[in-house]
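One structure is given below, encoded as structure tokens.
Nothing in this text is a laboratory measurement; each read-out follows from the coordinates by a stated rule. On a predicted model such as this, the values are computed, not experimentally measured, just so you know. Don't worry about glycine lacking a Cβ; one is built from the backbone with ideal geometry, like all the others, and counts go over all protein chains shown.
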Amino acid sequence: MSNSDRKATDLPDFYNDLEKAFTTAWGLLVSAAKDRSSPMHTPVLATSGPDGAAEARTVVLRHVCEEQNSIRFHTDRRSSKVVQLNHDPRCSVLAYDPEARMQLRLRGSASLHHDDDIANAAWSGSQASSLACYAQPVAAATILTDPQDAAIESAPDLEFARGNFCAVVIALDRIEWVYLHHAGHRRALWHRDGQDWAGAWLAP
Ligand SMILES: Cc1cc2nc3c(=O)[nH]c(=O)nc-3n(C[C@H](O)[C@H](O)[C@H](O)COP(=O)(O)O)c2cc1C
């Protein structure tokens, strides 16, 4: 086999196939939600801050639903991100998997759920250890005299925690994918076009 043949067969099947690239991007997200060791399990969520500057923070990707084009994470109702998303639900999510050599930049609109079926299902489907953090006695970003003032009791009040719990569902309307390869990088963008996704290759 010549070097150029070997190079060609080394290329993944999505390399020149936009539809396969789309499936690959979703597959990466779906498995990242289930796999705690995936670097995409903890993407960065960016919202619009009160002064218009972007506010970014790490969150845990809890669920991905390709059928509904949505992703979900959990947070505390008292947090700044909830205030920001209430003000402007548009947001971005950034994830990078170095092993897959893929970056995903997602955009969408967030809906906040704290006392509906979505919140109840998200709460019941979560491990007690991750729910305990919603029992923190003071809201995130409260200025403390002593860091212990925010300590959560060893037997947390789960009713209080439930009141602070919020499931955030982001309905995606844009997915940008970058794949790094020495033979030439690949970049593609899909956006919601009515009920469908419309995609195109972009110059990387
Ligand atoms: C690895 C990691 C995972 C995190 N996951 C979450 C999460 O799922 N939800 C959340 O609200 N905060 C999570 N945080 C904390 C946020 O990054 C952030 O510090 C906190 O939510 C306050 O953000 P805000 O003031 O912008 O609302 C995580 C932090 C790290 C380092």
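Data for the structure
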| quantity | calculated |
| --- | --- |
| Pair H191, S154: separation of 7 Å Cα→Cβ label points (nm) | 5.6 nm |
| Candidates A25, A56, A151, ranked by Gaussian network fluctuation over the chain, Cα under 10 Å, top entry | A151 |
| Nitroxide proxy distance, nm - points 7 Å out along Cα→Cβ at Q68 and D10 | 4.3 nm |
| The range 105-125-the range 148-197 distance, computed between alpha-carbon centres (Å) | 10 Å |
| Amide H within-cut-off set for A140, under 5 Å, with H built and near neighbours excluded | none |
| Rounded tilt (10° steps) of 18-34 against the dominant C-alpha axis of the chain | 30 degrees |
| Value of relative contact order over the chain, rounded to a whole percent, pairs C-alpha under 8 Å and six or more apart | 19 percent |
| Per-residue HN-Hα couplings for the range 174-190 [Karplus 6.51, -1.76, 1.60; θ = phi - 60°; Hz; x = Gly/Pro] | 7, 10, 10, 10, 10, 10, 8, 8, 5, 7, x, 6, 10, 9, 9, 9, 10 |
| Pair V44, H182: separation of 7 Å Cα→Cβ label points (nm) | 2.8 nm |
| Relative contact order, percent, the range 15-67 [alpha-carbon distance under 8 Å, six or more residues apart] | 31 percent |
| Semi-axes of the equivalent ellipsoid for the chain, Cα gyration tensor, largest first, Å | 37, 18, 16 |
| Net charge contributed by nearby residues that have their C-beta within less than 14 Å of A200 (K/R +1, D/E -1) | -1 |
| Residue-averaged [θ]222 nm for the chain, counting only DSSP H segments that reach four residues, each worth -39500 (n - 2.57) | -7000 deg cm²/dmol |
| Net dipole in debye of the chain [+1 Lys, Arg Cβ; -1 Asp, Glu Cβ; about Cα centre; nearest 20] | 520 debye |
| Farthest toward positive dipole pole in the chain [+1 Lys/Arg, -1 Asp/Glu at C-beta], among G194, P137, W177 | W177 |
| Residue of Q103, Q84, Q148 that the Gaussian network model of the chain assigns the largest fluctuation, springs spanning Cα pairs under 10 Å | Q148 |
| Gain upon complete extension [C133, R162; 0.36 nm per residue less C-alpha separation] | 9.4 nm |
| Neighbour net charge for F160 - beta-carbon separation under 12 angstrom, K R +1, D E -1 | -1 |
| Sorted by Cβ density within 10 Å, fewest first, the residues W201, W26 | W201, W26 |
